[in-house]
Structures are given as C-alpha cells and as structure tokens.
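Here's the structure, in structure tokens; my notes come after.
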Amino acid sequence: MSYVFLDTMPWSYAISTLVLQFHRVIMYLLTGKSELERIIANRTLPFSSRVHQIENSVNFTLSNPLDAEIQQAKCDQKKSLVHDKVYVVIHKLDLYQKLVKQVESIRLTKVTATDEKHLELFEKIWSRLVTQADDDHEELQMISKRWTKIGFQGSNPLTDFRGMGLLGLQCIEYLSRDRETCLTYINIRPPNDYSFAIGVINIVSWIVHLLEPDPFKNIHFHPLLTHFSIYPCNLDEFFRLFLLVMQEWHRFWTGQNANIMQFEQLSKIFRAQLLAECQQFRPIRRGFSAKISK
C-alpha cells in the first residue's frame, strides 16, 4: 500500500491545512465548542457523513495509530452524549485501521503448494469448479492444464497470485461455496467469456485499492470507510462486499456483449462507477452497475 508523506505534499495542500487550522480556532472562539463537538451536535448529519467529517477532523490516516484519540474519547465518554458519540466514531476509525492491516497482511502472504491450509483451499476449488462433471473424480493436481478452464493463465495457478497473494485465493474459494452461481461465471460462452480466476483476482485488487485514499486525488478520502462504518468492520464483511461487487461486475459484463479484449476498457468504466458509489458517503448498494450508461 502507498502512503503520502509531508515532503511529497503540494504547497497548495500545506496552505489549505494552515487555513483550516485557523478556521478551527476562530470557530472555537465564536462557539465555545471544538470541531468534533460541532460535528456531533449537527443533528442533520447522517452517520456516514459524520464519520467522514470526523475522519478529516482527526487527520485520520491508515499509518497513524488512534491510541491517543481512543483514550481521550474513553475519558470523555461519560461527560456527555456528545462525547459518547465521538467515541463511537473514533472506535469505528480504529476498527477500520485494523481491518485494512488485516487485509494487507493476507494479501502479502505468498501462496505456496507446501502450505497445508493453502492446499485445502485449492482442493475445494478443484472439487467444486474444475471437476464439474458428476463422474469426474480426479484428485487435485497442482500442475494441470485443467486450471486454465476456470481462467488461470497457465497450468500452474500459483503464478497468478503474485499481486493479491492469499487474499486472492481465499476470495476464489469464497465464491466457489455457491457452486452453481460460480459455474455461471465460468461457463460464459465464447467470445463473450472472460478469464474467471484472473477476473476475480482483478476485482479483489479493485476493492483493496479502495480501502486507502488515492494520493493523487484526495489525500483524506478513504473510499470504503463509509461502507465499513455502517456495516460490521471485519473480514467477513469484506468478503460479503467482494461478493456483491463480483455479482455487479458479472451483470455489467454480460450486458455489454463484450469479449476478453475489452476487459481493461470495461473494467475502467466499472471501477469509475464503483468509486462514484463510494463518494455518495453511503454503503455500496446492490444494483449500482445498472447506473452505468451503455
């Protein structure tokens, strides 16, 4: 994951930061309330917008721990309803940091043919998706051309997990639990098919990239923070979100009557819509792909 440091920030950002700090001081002198207190006191704000504003107020990043803010919020929690609500949001930000670190740790775990847990995942994928016929009982082969039938680039699937590591493997296995639906993704008739396994790994990377801010667009905006502030901020919800995005991608792809050569072009369009959904400061909703104009 990439992070932005002060020496790489543009002068415009540094100036805007100083102006913002000055504005906070003036507002405190005028109202007698801190910025956090003013955000919480604004009853017209939906919870997701409140999280986003507090994210900016505490200068939330993925690299800086929130230990001090959490301890302060705990101390203040009993003082008033305002401080209690501040604690709820700060706690959500802390959970989000931990989730991102957990996802990144799994992503950086190399997939191997010697790890028993990795082999168990491959065994499940093989039995559910590779051996599709009822009378096909061939045992798992880590080197086999049959892997290409479900969208791996070659006979050795290990080479396709370099970017997303164990996270990519776990997501394919997660999809394979609903075997019938998964086979509809795999068995699209040529020339409208796409490489299922490689497609899944790409989709996982799209979601991972939305967990952190884009340093070239908006330094403080964490696209998926709103989703995980409303829904449980844990790995199970990450997989459920992945499943939703996968379903939306498949619906979008099949509606385009496209071929594999258009994958990159269409993926950019789809990712733009996914980011636009995040910018609405609400959870990702089923059916968002239908908003993409044909």
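The values are calculated or read from the model by the stated rules, or taken from the named source; none is laboratory data. Because the structure is a prediction, the values reported are computed rather than measured. Neighbour counts run over all protein chains shown; Cβ positions are idealised from the backbone, glycine included. Protein only, heavy atoms only, side chains kept; ligands, DNA and RNA dropped before computing areas. Shrake-Rupley method; radii C 1.70, N 1.55, O 1.52, S 1.80 Å.
Among the residues making up the stretch 237-270, those that are touching a Leu at 6+ places or on another chain (Cβ under 9 Å) and closer than 17 Å to Thr226 by Cα are Glu237, Phe238, Leu241, Phe242, Val245. Within the stretch 276-294, being of a type outside the set (Gly, Ala, Ser), surrounded by 15 or more Cβ atoms within 10 Å (Cβ to Cβ) and in a helix (DSSP H, G or I) holds for Glu277, Cys278, Phe288.
When the stretch 262-282 is examined, which residues are found to be basic (Lys, Arg) and touching a residue at least 60 places away in the same chain (Cβ under 8 Å)?
Correct list: Arg271, Arg282.
Every condition in (1) over 25 Å from Ile207 (Cα atoms); (2) surrounded by 14 or more Cβ atoms within 10 Å (Cβ to Cβ) is met by Ala113 except one, and the failing one is (2). Any residue at all in the stretch 225-244 that is closer than 23 Å to Ser105 by Cα, hydroxyl-bearing (Ser, Thr, Tyr) and in contact with a His (Cβ under 7 Å, 6 or more places away or on another chain)? Yes, the conditions are met somewhere in the stretch 225-244. Scanning for something within 29 Å of Phe228 (Cα to Cα) and open to solvent by less than 40 Å² (accessible area, probe 1.4 Å), does the stretch 138-150 turn up at least one residue? No, there is no match, as no residue in the stretch 138-150 is within 29 Å of Phe228 (Cα to Cα) and open to solvent by less than 40 Å² (accessible area, probe 1.4 Å). Within the stretch 182-197, the residues that satisfy the criterion of being in a helix (DSSP H, G or I) and surrounded by fewer than 16 Cβ atoms within 10 Å (Cβ to Cβ) are Leu183, Thr184. Cβ separations smaller than 8 Å between residues 6+ apart or across chains give the following pairs from the stretch 194-207 residues that are assigned by the TED database to the domain that holds Ile172 to residues that are of a type in the set (D, E, K, R) and open to solvent by 10 Å² or more (accessible area, probe 1.4 Å): Ala197/Asp160; Ile198/Asp160; Ile201/Asp160; Trp206/Arg271. Of the residues making up the stretch 151-179, those that are assigned to a helix (DSSP H, G or I), of a type outside the set (S, T, N, Q) and either open to solvent by 40 Å² or more (accessible area, probe 1.4 Å) or in contact with a Lys or Arg (Cβ under 9 Å, 6 or more places away or on another chain) (or both) are Leu158, Phe161, Gly165, Leu166, Leu167, Gly168, Glu173, Tyr174, Arg179.
Scanning the stretch 227-243 for residues that are open to solvent by less than 20 Å² (accessible area, probe 1.4 Å), in contact with a Lys or Arg (Cβ under 8 Å, 6 or more places away or on another chain) and of a type in the set (A, V, I, L, M) gives no hits.
Of Ile90, Ile106, Ile70, all but one fail to be at pLDDT below 75 and either farther than 30 Å from Gln141 by Cα or open to solvent by less than 30 Å² (accessible area, probe 1.4 Å) (or both); the exception is Ile70.
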